[in-house]
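The structure under discussion appears below in the form of structure tokens.
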Amino acid sequence: MRTILLLSCCVIGFVAGQGTRPKRQDAIVQTSEQLCEDRPPNEYFRLSTEGDCREVVRCDRAGIVGAIRLAFVKCPAGLAFDIDRQTCDWKGKVTNCDKLERPRKVLPKLKTDEPICPDGKLACGSGDCIDKALFCDDKPDCADGSDENACSVDMDPNRAPECDSSQCVLPDCYCSPDGTRVPGELEITQIPQMITLTFNGAMNVDNIDLYEEIFNGVRQNPNGCQIKGTFFVSHKYTNYSAVQDFHRRGHEIGVFSVTNKESAKYWTDGSYDDWLAEMAGGRLIIERFANISDGSIIGVRAPFLRTGGNKQFDMMADQFFVYDSSITAPLSRVPIWPYTLYFRMPHACHGNANCPSRSHPVWEMAVNELDRRDDPTFDESLPGKNH
């Protein structure tokens, strides 16, 4: 059974100020301010290891004066909260109910009131200075390892620059400050709705009939051409005769990996060689077994949409992959347009992905999240969200 990624929890209350707690937690005397000091606002942690492992809290700054309060969250019955993966899962699969929080890492001193290092160097958590270029290179250079602990899209000292539209010009580059600006300065009313039909995983007897029904020749674009899809193929259980046939009929084939391993951590923490074997190796298998020799396999999608950070995108650039379609954009009224990673991502790194922080000559076809329940004119019963 796969991990329950939907937190599906209910917020059961807020606690603010001087540390008032439910009765079973009276032993905890730290205030909200103390508990939340230097803690990311999106990190969930426990106040106690007693109980059924379902309850966690996170820090929430709200109110006119920005007072810190704790937002209580509880997993549904039968589930427990996995502190390491920050999600609810079947109780039998959660092995860290004895932990209150994720291990705290020593952070470098990137912002100080007064400079403590010469130009070209930055301070480790200990105060030692090392070259800026050594930060976030996957090799600890600080004695405390802090140079590898602040490497997110917004914190990496060597991160890609923010969008510069004077330098990023179509057709080779595109960026915008928030990702929603229409390419070519076209009027929004003059742009038709564009939908991409993408599928990922093995192509075999379990889904070929469905694909045939969808692409039966009846559905056409306004110009009269038949609609086409993109199939990100994984190796295991795939019928390569079907892959060859769909490619022959004009559908795009991309890579979804060789193994399609069910460990999300394998993908987010994968090495350069892991991604090379899974994606470049997967392309070689598809090209050989499906007899695709036109060089058209240029796209990648990561299993679980768990991107592998800079290592994945370094590999993609080295292997001449053109685009990735794994990074999810937060739910928004205005979708994110495709963008190149020469410049910084125009939106937050959503979910549990390991997003690239450096500059890469790769396009990103962001997965825009849709939720029809946000449409007040749509009253049909829906089970949830679709990507």
query = What lysines could a cross-link reach from LYS91, if we take a straight Cα to Cα line under 16 Å and drop same-chain neighbours fewer than 8 places away?
reply = LYS74, LYS99
ask   = Cα axis of helix 309-318 to longest principal axis of the chain: angle in degrees, 0 to 90, nearest 10?
value = 30
ask   = Amide H to amide H, which residues 5 or more places from PHE232 or on other chains are under 5 Å from it, using H placed in the peptide plane?
value = PHE199, ASN200, GLY201, GLY254
Of ILE130, GLY78, ASN368, farthest towards positive along the dipole that unit charges on Lys, Arg, Asp, Glu beta carbons give the chain = GLY78
Solvent-accessible heavy-atom area per residue, rounded to whole Å², over the chain at 1.4 Å = 57
message = Treating only the Cβ of Lys, Arg, Asp and Glu as charged (+1, +1, -1, -1), what charge dipole size does the chain show about its Cα centre? Round to the nearest 20 debye.
response = 980
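Regarding the range 87-137, what is the average projected area of its C-alpha convex hull, in nm²?
With every direction weighted equally, the projected area is 5.9 nm².
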query = How big is the gap, in Å, between the Cα center of the range 331-357 and the Cα center of the range 137-168?
reply = 16
message = Sort ILE292, ILE227 by heavy-atom solvent-accessible area, probe 1.4 angstrom, most to least.
response = ILE227, ILE292
key: Global form of the range 240-381, assessed from the alpha-carbon gyration tensor, a/c cut-off 1.5   = oblate
query = Which of the aspartates and glutamates could a cross-linker bridge to LYS228, judged by Cα under 15 Å and excluding same-chain residues fewer than eight apart?
reply = GLU212, GLU213, ASP245, GLU252
query = With the calculation restricted to Cα positions, what are the radius of gyration and Dmax of the range 317-364 in angstrom?
reply = 11.0, 35
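Given a 1.4 Å probe and every protein chain left where it sits, what share in percent of the accessible area of the range 38-87 is carbon and sulfur? If you can, show how the numbers build up before the last one.
Numbers: 1130 of 2290 Å².
Result for the range 38-87: 49 percent of the exposed heavy-atom area is carbon or sulfur.
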message = On a 1.4 Å probe surface of the protein chains, which of THR112, THR31 comes out largest in accessible area, and what is the full order?
response = THR112, THR31
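Give me the net charge of GLY179's neighbourhood, meaning all other residues with Cβ under 11 Å from the Cβ of GLY179; Lys, Arg count +1, Asp, Glu -1.
Net of charged neighbours comes to 0.
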ask   = Taking the Cα centre of the range 230-331 as origin and charging only Cβ (+1 Lys, Arg; -1 Asp, Glu), how large is the dipole, in debye to the nearest 20?
value = 280
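Taking Rh as the Kirkwood radius computed over C-alpha pairs, what is the Stokes-Einstein D of the range 162-275 at 4 °C in a medium of viscosity 1.567 mPa s, expressed in µm² per second?
In µm²/s, the coefficient rounds to 74.
Using the crude model of +1 on Lys and Arg Cβ and -1 on Asp and Glu Cβ, and no other charge, please compute the dipole size for the range 113-165 relative to its Cα centre, in debye to 20. Mind dumping the intermediate values first?
On the way: 4 positive and 15 negative charges, 18 e Å.
It works out to roughly 80 debye.
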remark   = Largest first and rounded to whole Å, the semi-axes √(5λ) derived from the alpha carbon gyration tensor of the chain read 39, 28, 23
note = If one builds a Gaussian network model of the chain from Cα atoms under 10 Å apart, the most fluctuating residue listed among VAL57, VAL218, VAL362 is VAL218
request  = Might you work out the accessible area of LYS236 for me, using a 1.4 Å probe with all protein chains in place, and round it to the nearest 10 Å²?
outcome  = 110
task = Identify, among TYR237, LEU276, TYR266, the residue whose Cα sits farthest towards the positive end of the charge dipole of the range 233-286, taking +1 on the Cβ of Lys and Arg and -1 on the Cβ of Asp and Glu, with the dipole about the Cα centre.
result = TYR237
task = Would you tell me the accessible area of CYS225, worked out with a 1.4 angstrom probe on the heavy atoms of the protein chains, in Å² to the nearest 10?
result = 70
inquiry  = Helix-only estimate, please: 222 nm mean residue ellipticity of the chain, summing -39500 (n - 2.57) across DSSP H runs of length 4 or more and dividing by its residues, to the nearest 500.
reply    = -3000 deg cm²/dmol
query = Hey, in the GNM for the chain with a 10 angstrom Cα cutoff, which one of GLY351, GLY78, GLY299 fluctuates hardest?
reply = GLY78
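The values are calculated or read from the model by the stated rules, or taken from the named source; none is laboratory data. Here the structure is a predicted model, which means the values were calculated and not measured. Every residue, glycine among them, receives a Cβ derived from its backbone with ideal geometry; neighbour counts consider all protein chains shown. Quick note on the areas: whole protein, heavy atoms, side chains included, nothing else; ligands and nucleic acids left out. Shrake-Rupley method; radii C 1.70, N 1.55, O 1.52, S 1.80 Å.
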